Amino acid sequence: MPLYKLGSPEALEEQAAAEAAAHMEELKRKAAGFGPFSDDSEAAAAIAFAEAAAGELYRETLANGGELTEETLAGLEKRGLGADVVKLAIAGVEMQMQTEANAIAAEVGGAEAVQEALQWASHNLDADAQAEFNAAMDNGSQVVRTALVKDLVQRSGVRAVTVGGTLAAGGTQPYPNREAFMEALKDPRYATRPDYRDEVDARHAKSAWVVR
């Protein structure tokens, strides 16, 4: 899911459009078995499908000025998914993403710090580094996304970020480079084990390549 992303507005719009096309193909595949609904149980199934598909539909709104295309709405209507139900499902995704964005911003001193760091990164990171960040934000868990934004804020020098962790004692070894840190974030334990997450955060805080 797009949350905080790097790149020019034009590039991000183009990326969103490409992602929307791919996701809508998947949505059409999932919806192929749905048809007109004749009772409450089938209607409930339609609503459940709308909620499950809300992520893909939300991506289309990003690439289409905040709205679904008429073709998409017509196709969903044929399967018993009225525009009101679909829009409510999308609104739920938007609310969830905003809640997460607020939580991440609170970890680094506020939304203004995040936006300043994103602006710095857009001007100072090369295309490959920006693509790596965006991909990790799309595919990581909330705790991973939080770590990525913390790292970006630190790298930008916008402000210092307090890094939690019980393992920040003198024996903690720093990461030799950002690649090693990124590999640690990909480890499933970062999302599920607080002790591992604390160790990663503490090692990151001690790494010489992190801007102070």
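Observations, loosely collected:
- Spin-label model, Leu88 to Gln173: label points 7 Å out along the Cα-to-beta-carbon direction sit 5.5 nm apart.
- Directionally averaged projected area (convex hull, Cα atoms, region 109-206), nm²: 6.1 nm²
- Kirkwood Rh (inverse of mean 1/r, distinct Cα pairs), region 77-156, angstrom: 14.3 Å
- At R0 = 35 Å, FRET efficiency that the Cβ-Cβ distance of Ala101 and Lys78 yields, to 0.05: 0.55
- Computed E for Arg193/Ala111 - FRET, C-beta separation, R0 22 angstrom, nearest 0.05: 0.15
- Summary of packing: across the peptides 103-116, 122-135, the per-residue average of other C-beta atoms within 10 Å ranks them, highest first, as 103-116, 122-135.
Since every read-out is calculated from the coordinates, none of them should be taken as a lab result. Here the structure is a predicted model, which is why all the values come from computation and not from measurement. Counting neighbours? That spans all protein chains shown, and the Cβs are built from the backbone with ideal geometry, glycine included.
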